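Novice: Shown below is the structure under consideration.
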Amino acid sequence: MKQDTTELRLTFINVGYGEAILIDAPDAARPDGRFYALIDGGSAADSEFADRTSGRIRAEEYLAPLPRLDLAVSTHIHEDHLCGLLRVCRDHPPSVLRQTLPPGFYRSLHPLGDASARNLSERNFLAALDDYRKLCALVEQHGGCIEQSLAGDTLTLAPGLTAEVLAPSGTRAAALTASMQELYRTPQGVPEFREKLDALDASMNNFSLILRLAFGKTRILLPGDTNRAGYGGIPPEKLAADLFKVGHHGQLDGADAALVNAVRPRFSVCCASGDRRYNSAHPDTMRLLKDSGAELYFSDCPPVDGQSIPPHRALEFTICADGAASVRYLP
């Protein structure tokens, strides 16, 4: 994966419905002059990769040649973002894991399994909760550290590359911690457990870590699965970005006119599966982004009016410090 020493590469791996975003940035202090970070890792479900005609690939397969992983970021605890990240980190244990819960919180969690699951949604969420605990333990077992990231933090990832954390706030992170504590205190065999499980699952998207990267003149907004209701309290000027990865897989609630007007993106990326599961890449959301003047790109190949998306393993942006950018689908 030898790269130009002055450019940022931002790669959206085609993991189907989920998300896995590789950051590859210049950093002369690193062994090969590059800094590598992965934001989420897609799904771990075999069913997600049964049909690979669109180029779909597991994140750990795509990243097999990576020399190391300097940073892993878990935006939130959902199967299509976190469970594939655990698989990547087994091959490439990161030096740092950034997430939104207190660093040692995972030690208070116990295995849940999926015996109490009534449907696929509950089974996936239970898997994600268990894999969150496993991910944190793996990082520390390999000598890495776990760090909590909250609104107001500004992180220097590499020379010339920063990440401003826009959400969640400390108050929101405390609310997530309390909800998880309450869930884990409740016996799995009682109806209250499933009620709390479903409520936490439904609210998890808007606990997502929202990052705005800055590299030279370029700003990149990565909101995890945040929907249009999850940006409250963030000043509109903080949302302005050249590249916007639309939240919640481009579902109808992924963005509204006020959000798009605040972001004003040149490019927009939607991580939606080829079958447009759960009404991802919703036509109204895609039209809203296109009408704003943004160029639309996709991590997979959902059918979108007016666009022919070739099969590809990944979508890659190459960004220069002066703001110049090129985009290509990698076969």
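Novice: I want the antiparallel fraction of DSSP beta bridges within the range 238-331, as a percent rounded to 5.
Specialist: Here the antiparallel bridges make up roughly 50 percent for the range 238-331.
Novice: Carbon and sulfur atoms: what percent of the 1.4 Å accessible area of the range 40-112 do they account for? Numbers along the way, then the final one.
Specialist: Working: 1260 of 2480 Å².
Accessible surface attributable to carbon and sulfur in the range 40-112 totals 51 percent.
Novice: Same structure, new question: Just in the range 35-83: which trypsin sites (Lys or Arg not before Pro) are loop by DSSP and have at most 16 other Cβ atoms within 10 Å?
Specialist: Qualifying residues, ordered by number: Arg52, Arg68.
Novice: Give me the dipole magnitude in Debye, nearest 20, for the chain about the Cα centre, with unit charges on the beta carbon: positive for Lys and Arg, negative for Asp and Glu.
Specialist: Value, rounded to 20: 280 debye.
Novice: If I take all pairs of Cα atoms in the range 209-331, what percentage of them are more than 20 Å from each other?
Specialist: 39
Novice: Of the listed values [x] 18.6, 58; [y] 31.9, 105; [z] 20.7, 61, identify the label whose number matches Rg and Dmax of the Cα atoms in Å calculated from this model.
Specialist: Comparing each candidate, only [x] matches the computed number.
Novice: Also, quick follow-up: Within the P(r) computed for the range 1-70, what percentage of the Cα pairs occupies the region above 19 Å?
Specialist: 36
Novice: Quick one: accessible area per residue over the chain, 1.4 Å probe, rounded to a whole number of Å²?
Specialist: On a per-residue basis, 39 Å².
Novice: Going out from 0 in 5 Å bins, what whole percent of all Cα-Cα distances in the range 152-253 drops into each bin?
Specialist: Computed distribution, short to long bins: 2, 12, 19, 20, 15, 13, 9, 5, 3, 1, 0.
Novice: I've got another one for you. Report for the chain the percent antiparallel among DSSP-assigned beta bridges with both residues inside it, nearest 5.
Specialist: If we restrict to bridges inside the chain, about 65 percent are antiparallel.
Novice: Using the Cα gyration tensor of the range 1-137, with a ≥ b ≥ c the square roots of its eigenvalues, what is the shape: rounded (a/c below 1.5), prolate (a/b larger than b/c) or oblate (neither)? Could the numbers behind the result be given before it?
Specialist: Working: a/c = 2.74, a/b = 1.45, b/c = 1.89.
The shape class here is oblate.
Novice: Based solely on C-alpha atoms, express the radius of gyration and the Dmax of the range 243-311 in angstrom.
Specialist: Both quantities, over Cα of the range 243-311: 10.7, 33 Å.
Novice: In whole Å, what are the Cα extents of the range 78-234 along the three principal axes, biggest one first?
Specialist: 53, 37, 24
Novice: Based solely on its DSSP helices, what 222 nm [θ] is calculated for the chain when runs of n ≥ 4 H residues each add -39,500 (n - 2.57) and the sum is averaged over all residues, nearest 500 deg cm²/dmol?
Specialist: -8000 deg cm²/dmol
Novice: Here's a follow-up. With the Cα gyration tensor of the range 144-191 in hand, convert its eigenvalues to equivalent ellipsoid semi-axes via √(5λ) and list them largest first in whole Å.
Specialist: Sorted largest first and rounded, they come to 33, 13, 7 Å.
The values are calculated or read from the model by the stated rules, or taken from the named source; none is laboratory data. Just so you know, these numbers come straight off a predicted model, no measurement behind them. Using ideal geometry, Cβ is built from the backbone for each residue, glycine included, and neighbour counts are taken over all protein chains shown. Calculation scope for accessible area: heavy atoms of the full protein, side chains included, ligands and nucleic acids excluded. Shrake-Rupley method; radii C 1.70, N 1.55, O 1.52, S 1.80 Å.
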